[in-house]
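Values in this text are rule-based calculations from the coordinates and carry no lab data. The shown structure was predicted, so the numbers you read here are calculated from the model rather than taken from an experiment. All Cβ positions, glycine included, derive from the backbone under ideal geometry; neighbour counts span all protein chains shown.
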Amino acid sequence: MQAIRGATTVSENTVEAMQEAVMEILEELEGRNQLHPTDMVSVTFSVTPDLDAIFPAAIARHRTDWDKVPMIDVQQMYVQGSLEKCIRILIHAYIKTNATISHVYLRHAAKLRPDWNLPQPLQASQSTIESKV
């Protein structure tokens with residue numbers, strides 16, 4: 001099992017803006033990681049306190065097979081000066097042991113983790129642990 005991270009931002013606190021951003025990041029996460037909802041153990045969405053138009057999980061449930069994935073929405077802790085209107089995602093999923101994990105950071109969220117916004121090879125210790133499981 002692996003954890004896949006991602007984040008994106010929205011221009012405004014509206015249902016439409018959040019739907020567009022959530023669908024975009026889920027499409028990228030699925031495509032870059034060859035990920036299917038049946039591989040997912042759970043998904044956590046966090047949003048900054050300035051976003052309350054809709055739950056990201058409610059948006060995700062409209063995607064094929066996402067209605068079967070356990071999901072939760074939480075509010076991100078406020079830190080003065082931190083990125084606003086941000087939606088973060090953490091997916092726990094079963095991934096092939098030789099797969100490369102691609103964390104996805106879109107829009108203004110790309111500056112959060114520039115080191116992770118590229119495919120990440122599995123660490124040797126992770127591959128060894130997974131081959132023993």
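If you take every DSSP beta bridge fully contained in the chain, what fraction is antiparallel? Give it as a percent rounded to 5.
The antiparallel fraction comes to roughly 70 percent.
Whole-Hz ³J(HN,Hα) for each residue in segment 11-21, computed from phi via Karplus 6.51 cos²θ - 1.76 cosθ + 1.60 with θ = phi - 60°, x for glycine and proline: what do you get?
Once rounded to whole Hz, the list reads 7, 8, 8, 10, 4, 4, 5, 5, 4, 4, 5.
Counting helices only, and only those DSSP H runs with n ≥ 4, report the 222 nm mean residue ellipticity of the chain as the sum of -39,500 (n - 2.57) divided by its residues, in deg cm²/dmol to the nearest 500. Working shown, then result.
Numbers: 3 runs with 33 residues, N = 133.
Counting only the DSSP helices, I get -7500 deg cm²/dmol.
Whole number please: convex hull volume per residue of the Cα set in the chain, in Å³?
Hull volume over Cα atoms, normalised by residue count, gives 107 Å³.
In segment 1-65, which trypsin sites (Lys or Arg not before Pro) fall in coil by DSSP and have 16 or fewer other Cβ atoms within 10 Å? Each step should come with its number before you reach the end.
Values: sites: Arg5, Arg32, Arg61, Arg63; in loops: Arg61, Arg63.
Answer by residue number: Arg61, Arg63.
Could you go through segment 69-84 in sequence order and give the Karplus-derived ³J(HN,Hα) for each residue, using 6.51 cos²θ - 1.76 cosθ + 1.60 with θ = phi - 60°, rounded to whole Hz, and x for Gly and Pro?
Coupling constants for segment 69-84: 8, x, 9, 9, 10, 9, 8, 5, 4, 7, 10, 4, x, 7, 4, 9 Hz.
Which ³J(HN,Hα) values in Hz, rounded to whole numbers, follow from the phi angles of segment 54-65 under the Karplus curve 6.51 cos²θ - 1.76 cosθ + 1.60, where θ = phi - 60° and Gly and Pro get x?
Running phi through 6.51 cos²θ - 1.76 cosθ + 1.60 with θ = phi - 60° gives 6, 7, x, 4, 5, 5, 4, 4, 7, 7, 4, 6 Hz.
Sequence-distant or interchain residues sharing an amide H contact under 5 Å with Gly6, placed H: which?
Amide H neighbours of Gly6, under 5 Å, 5+ apart: Ile89, Val104.
Kindly put His92, His36 in sequence by how many other C-beta atoms sit within 10 Å of each C-beta, fewest to most.
Sorted ascending by nearby Cβ count, the order is His36, His92.
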